[in-house]
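*Asks:* Sending over a structure as structure tokens; questions will come in a sec.
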């Protein structure tokens, strides 16, 4: 059913691209400021929320290329993390406000241009997040069986662009998986791949993914990072969940734990959250395996991928890694190649080394950081410039880079909303803008 619905959503987008056209008409909102937010994820909704909180003389249109709102909360959060997804009720309250309208199936650059949006709105907020992946930049990334963790997350959450991306065959022909990266997304996909089917059936995982996982042959998942345990960026909550996987033993090497106790790292571990997480990792390393012959989830440190090697059919079969050591001051440590090598068997390799935002025609873009350059949420004409692009703003990952949790978008959105309110108060005449409607 979920695969059918995903296909319907994709067809809806194609249909709307062909038949849905913007229609300009005399505004019925004269006397009100008009704001357009591109992107309906957390950053877009929080920006709308804090704009409305301080300014009643305002109407907001939220547009998204997908037919449904909520962005990564809908398609990027693990299906068994219902508490995290509950934030959608807050966003739904924003949509219930009569001053807010949502328009799905509208893609900026295809259905309408940035210049057209700027003509019809007093403020344009770009909050479309990061839909790309950072590359490893190593040989073998194009082999069969090498995919991004983001693709897998979108697939099991029913994102319409990822319903038919071929994970079914991969899961049925994989024994060993390597996940490259040690953020929360890396931990989430590893956990979902090894979670009991009984638990997944009670989550909101899509039917096509559940069916594929029922036939999965995966027995071992290794989550690797190039630095040490103290530098791992996953949270203690994600780590703790790994210890309670039914039928799966979670392990960490005692030797790698000890290697991670260099002077600079111990200084970093003085922060309470980091110390608590490291203490838990030590407990995991010292816990005996009571699940001999069962599935394994291994968290490995001090491993930097150098190459993914394929078999004669072009399918991934192993990941060649450099064994690293740490060098540098606390908070600035780098992974250095020791010259030693290790091979990890893997028929499925999931990369999770960061999301990547994409630029938009007519808007300045920082190609090094993959963000839109800004000052307090106001888009500027280039990195280091003090010249702003009038009436154009940015929020969320597109503004600061793909970091933090959902709540990290709150102070970010507040800053952007504050800049918008300040600038709107300077507009002398905003009553002549025509309203933009999308109609068949």
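*Asks:* Taking the range 358-378 as the search range and keeping residues that are in contact with a strand residue (DSSP E or B) (Cβ under 6 Å, 6 or more places away or on another chain) and either without any contact (Cβ under 8 Å) to a residue 12 or more places away in the chain or part of a loop (DSSP other than H, G, I, E, B) (or both), which one is farthest from residue 309 (Cα to Cα)?
*Replies:* Among residues in the range 358-378 that are in contact with a strand residue (DSSP E or B) (Cβ under 6 Å, 6 or more places away or on another chain) and either without any contact (Cβ under 8 Å) to a residue 12 or more places away in the chain or part of a loop (DSSP other than H, G, I, E, B) (or both), the one farthest from residue 309 (Cα to Cα) is 377.
*Asks:* Would you mind stating whether residue 140 is outside any helix (DSSP H, G or I) and either more than 30 Å from residue 322 (Cβ to Cβ) or without any contact (Cβ under 8 Å) to a residue 60 or more places away in the chain (or both)?
*Replies:* No.
*Asks:* Can you tell which of 209, 186 is surrounded by 23 or more Cβ atoms within 10 Å (Cβ to Cβ), assigned by TED's automatic domain parsing to the domain that holds residue 280, farther than 29 Å from residue 306 by Cα and at pLDDT 95 or above?
*Replies:* Going through 209, 186 in turn, just one is surrounded by 23 or more Cβ atoms within 10 Å (Cβ to Cβ), assigned by TED's automatic domain parsing to the domain that holds residue 280, farther than 29 Å from residue 306 by Cα and at pLDDT 95 or above: 209.
*Asks:* Output yes when any residue across the range 196-216 is under 23 Å from residue 334 (Cβ atoms) and within 19 Å of the chain's Cα centre (by Cα), and no when none is.
*Replies:* Checked against the condition, which is being under 23 Å from residue 334 (Cβ atoms) and within 19 Å of the chain's Cα centre (by Cα), the range 196-216 yields no hits at all.
*Asks:* Can you pull out the residues in the range 285-334 that are over 22 Å from residue 179 (Cα atoms) and buried (at least 19 other Cβ atoms within 10 Å of the Cβ)?
*Replies:* Within the range 285-334, just 333 meets the criteria.
*Asks:* Please work out which residue is surrounded by the fewest Cβ atoms within 10 Å (Cβ to Cβ), limiting yourself to the range 51-66 and to residues that are in contact with a strand residue (DSSP E or B) (Cβ under 9 Å, 6 or more places away or on another chain) and part of a loop (DSSP other than H, G, I, E, B).
*Replies:* Here the answer is 57.
*Asks:* Then there is this: Has the range 156-174 got any residue that is outside any loop (DSSP other than H, G, I, E, B), modelled with pLDDT of 95 or more and under 22 Å from residue 83 (Cα atoms)?
*Replies:* yes
A quick yes/no check of all residues on (1) at pLDDT 95 or above; (2) in contact with a helix residue (DSSP H, G or I) (Cβ under 9 Å, 6 or more places away or on another chain); (3) on the phi < 0 side of the Ramachandran plot; (4) assigned to a helix (DSSP H, G or I):
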| position | (1), (2), (3), (4) |
| --- | --- |
| 23 | no, no, yes, no |
| 29 | no, no, yes, no |
| 37 | yes, yes, yes, no |
| 46 | yes, yes, yes, yes |
| 49 | yes, yes, yes, yes |
| 68 | no, yes, yes, no |
| 72 | no, yes, yes, yes |
| 84 | no, yes, yes, yes |
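*Asks:* Go through (1) free of Cβ contacts under 8 Å to residues at least 12 places away in the same chain; (2) in contact with a strand residue (DSSP E or B) (Cβ under 9 Å, 6 or more places away or on another chain) one by one and return the number of the condition residue 245 breaks.
*Replies:* Here residue 245 meets the rest and fails (1).
*Asks:* Exactly one of (1) surrounded by 20 or more Cβ atoms within 10 Å (Cβ to Cβ); (2) not in a helix (DSSP H, G or I) is unmet by residue 80. Its number?
*Replies:* Tallying (1) surrounded by 20 or more Cβ atoms within 10 Å (Cβ to Cβ); (2) not in a helix (DSSP H, G or I), residue 80 fails exactly one: (1).
The values are calculated or read from the model by the stated rules, or taken from the named source; none is laboratory data. This is a predicted model, so every value here is computed, not measured. Note that we place each Cβ from the backbone using ideal geometry, even for glycine, and neighbour counts take in every protein chain shown.
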